[in-house]
1. Can you find, within the stretch 672-688, the residue that is surrounded by the fewest Cβ atoms within 10 Å (Cβ to Cβ) among those that are charged (D, E, K, R) and at pLDDT 90 or above?
2. Suppose the filter is surrounded by fewer than 16 Cβ atoms within 10 Å (Cβ to Cβ), in a loop (DSSP other than H, G, I, E, B) and either over 28 Å from the mean Cα position of the chain (by Cα) or of a type outside the set (Ser, Thr, Tyr) (or both); does ASP113 pass it?
3. Hey, can you tell me all the residues within the stretch 80-113 that are polar (S, T, N, Q) and more than 15 Å from ARG431 (Cα to Cα)?
4. Quick test of your reading of the structure: GLN408 fulfils all but one of (1) in a helix (DSSP H, G or I); (2) polar (S, T, N, Q); (3) touching a residue at least 24 places away in the same chain (Cβ under 8 Å). Name the failing condition by number.
5. If the Cβ limit is 6 Å and pairs must be 6+ apart or interchain, which residue in the stretch 439-463 that is among the hydroxyl-bearing types (Ser, Thr, Tyr) pairs with which residue that is open to solvent by 10 Å² or more (accessible area, probe 1.4 Å) and in a helix (DSSP H, G or I)?
6. Filter the stretch 62-73 down to residues that are out of contact with any Gly (no Cβ under 9 Å at 6 or more places or on another chain), more than 17 Å from GLN184 (Cα to Cα) and open to solvent by 50 Å² or more (accessible area, probe 1.4 Å), then give me how many there are.
7. Got a sec? Which of ARG13, ARG40, ARG9, ARG21 is touching a residue at least 24 places away in the same chain (Cβ under 8 Å) and open to solvent by 60 Å² or more (accessible area, probe 1.4 Å)?
8. Go through (1) out of contact with any strand residue (DSSP E or B) (no Cβ under 9 Å at 6 or more places or on another chain); (2) in contact (Cβ under 8 Å) with a residue 12 or more places away in the chain; (3) open to solvent by 10 Å² or more (accessible area, probe 1.4 Å) one by one and return the number of the condition PHE423 breaks.
Amino acid sequence: MNPLIESIRDYIRGGQHKASRATKDWSTLVSAQDATRTARAARLFAAVLQEEAAHPTFLPGERIVLTRHCINLPDRYSEEEMSRLRKNAYFHEKGFVFNISPDYASTVQVGLDTRKEEIQARRKKAVEENDTEGIEFLDAARSGIDAVCLLADAYREEAIRLHLDDIAETLTRVPHQGATTFRQALQFIRILHFALWCEGPYHNGLGRFDQYAWPWLKADLEAGRETEESALALLEEFFLTFNRDSDLYVGVQQGDNGQSLMLGGVDRSGNESVNLLTHLCLKASRELRLIDPKINLRVSRQTPMELFAEATELTKIGLGFPQYANDDVVIPGLIDWGYSPEDARDYAVAACWEFIVPGKGMDIPNIAAVSFPAVVDSVLRSTESNSVQSFDAFLQLVRKELFARADQIESDLACVDMLECPFISTLCDGRIEAARDVSHGNVYNNFGVHGTGLAPAVDSLETIKRLVFDERIEALGNLRKYTDQNFRNEEDLLIAIRALPKLGNDEDEPDAIAVRLLNDFADSFAGRVNCRGGIFRPGTGSAMYYITHAKEIPATLDGRLRDEPFPANYSPGLHTRIKGPLSVVKSFTKPNLKRVVNGGPLTIELHDSVFRNDEGVEKVAQLVRFFVMRRGHQLQVNTINRDQLLAAKQDPEHWRHLIVRVWGWSGYFVELDRPYQDQIIQRVEMTF
């Protein structure tokens, strides 16, 4: 990191760029009436960018610009208006298009003026067809492009006034015309990404950045316009742009903003596509040590050990990424779900870890969740369970309950709607040609369903198998009583239950239960068609449900007490005495993970002592490769130190830059709410 980049990083980390921010009173604007939802979307977006254009802000020494002025954005609808809309359809979360990875490259290549020409040509056809809905969308899309260009022009004019000639020169070209250099491409992407947040979409991913940005860098290197050193500096400054406004972005917790980019993997033809930009991205993250952008790395059996080792250097410094995705499992899984082979090979992540095809996916990959421990608890309390005579019969009731929950989810999602976002639609495949907003659908319109708390559910089932059906020392009714009473006065039983075989130690019985439970989960959604013509995609992620779902049920038969959280994502129970990371990988790669590739990483916590010598990096890299060879689907390896975390709770200011992996994203530990801090502290630290 050169001195200029370090100074910009410190300026942002110190919050000095926030001095130009202001809160805007949007009440008059929001209260105005619009003929349609699309018209309102266009009007508010234009107003926000007009306000931003009135206050261009430049950081000292920067070359890639755009910094938010408005602290708050106008609510598209009041709570009362949204309540009325929700009576007619299900709007997920805030109702906007979100968890999306648009196609930046196509627009960066040709420029927004070309997009306007395409819109104008398509509008003539819509007029001939008397397609009023299409005309309205296209007018709104053009309005959005005009607003983005107005913003960029305002920055250019201010740069000219301040004699920032190189910035002005870049903005003279982009975003009106296509980028011709790496710097122009980075500035163009920054403008588009900035605008998406202002329109309303959130968790806006960056897709396969090293693939679509590489041609510009390659051309610059070959022409001598850039060196590897100068390109790295530009890239690091580009990465810094994702950290300057992120505290204003929507998320469950600070840092949960979906600013993820995907590196590596095969191209659409199936050829390995790692390039110099892949390596520069890893190096930039390692030098900057910031939470954004969040790095994901596609790997396979063909990935060389050198790349695993290079990626592990990020894990070593405690960034909580890269998160790994295994092409050998994910691509076949997506193809089995109906994705074309070319699109399946082009997958990225939507936000945390949900797989999506950039530009083509309008999936809602976190629309619902099934709590596995709640399923087991429900069966345990059912009248049917009182008459079962075998553990297999009990598991049949679990399968039946999984199907009942899938039925309920399908019923609840019989009508799903999203708020229109005309500008982001221009960055999505075929939306201008179709003259329809992406909120109405795209090439892929699938619903993702998380499966939370697998380990507590499996371990509870192992307890039932042992105590009720194998050893016959307890009745199901007694087990219900113990959980209801939170194991009060049953300390010996609690200790005995926690000592039983557990998922994560490569033991046949609990691992076999996990295989069966995930297969039943996959079966419960197989063949279902959602209301938007897509499918239901089960996955092994948890999102924030590892906190919320845990509060909905009493103690569980794995030894978890009431109100204690589940483990995050796809990982061992928090009370499990783990033999080591190898046993965890072995256990969690036995299921057929190709059937549950909505996303959800095996999450392994390593104590930072693992990296006290160079051998540690090699061991962790070998562990990741072992996971890939075992056909694991997704993996995140985190470096933690419980003593540091406890110290950070006591002295937040001293530890304000301490980074942790939460569920599918990295954040600053001291900015998390206490339940999330406590769950991270409780996670199992492993060593080799």
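The values are calculated or read from the model by the stated rules, or taken from the named source; none is laboratory data. None of these values were measured; they are calculated from a predicted model. Using ideal geometry, Cβ is built from the backbone for each residue, glycine included, and neighbour counts are taken over all protein chains shown. With ligands, DNA and RNA removed, areas are computed over all heavy atoms of the protein, side chains included. Shrake-Rupley method; radii C 1.70, N 1.55, O 1.52, S 1.80 Å.
1. Across the stretch 672-688, the extreme among qualifying residues is ARG674.
2. No; evaluated as a whole, the condition is false for this residue.
3. Across the stretch 80-113, the qualifying residues are SER83, ASN88, ASN99, GLN109.
4. Checking GLN408 against (1) in a helix (DSSP H, G or I); (2) polar (S, T, N, Q); (3) touching a residue at least 24 places away in the same chain (Cβ under 8 Å), the one that fails is (3).
5. Pairs found: THR452/TYR545; THR452/HIS549.
6. Number satisfying all stated conditions: 1.
7. Result of the check over ARG13, ARG40, ARG9, ARG21: ARG13.
8. In the conditions (1) out of contact with any strand residue (DSSP E or B) (no Cβ under 9 Å at 6 or more places or on another chain); (2) in contact (Cβ under 8 Å) with a residue 12 or more places away in the chain; (3) open to solvent by 10 Å² or more (accessible area, probe 1.4 Å), PHE423 misses (3) alone.
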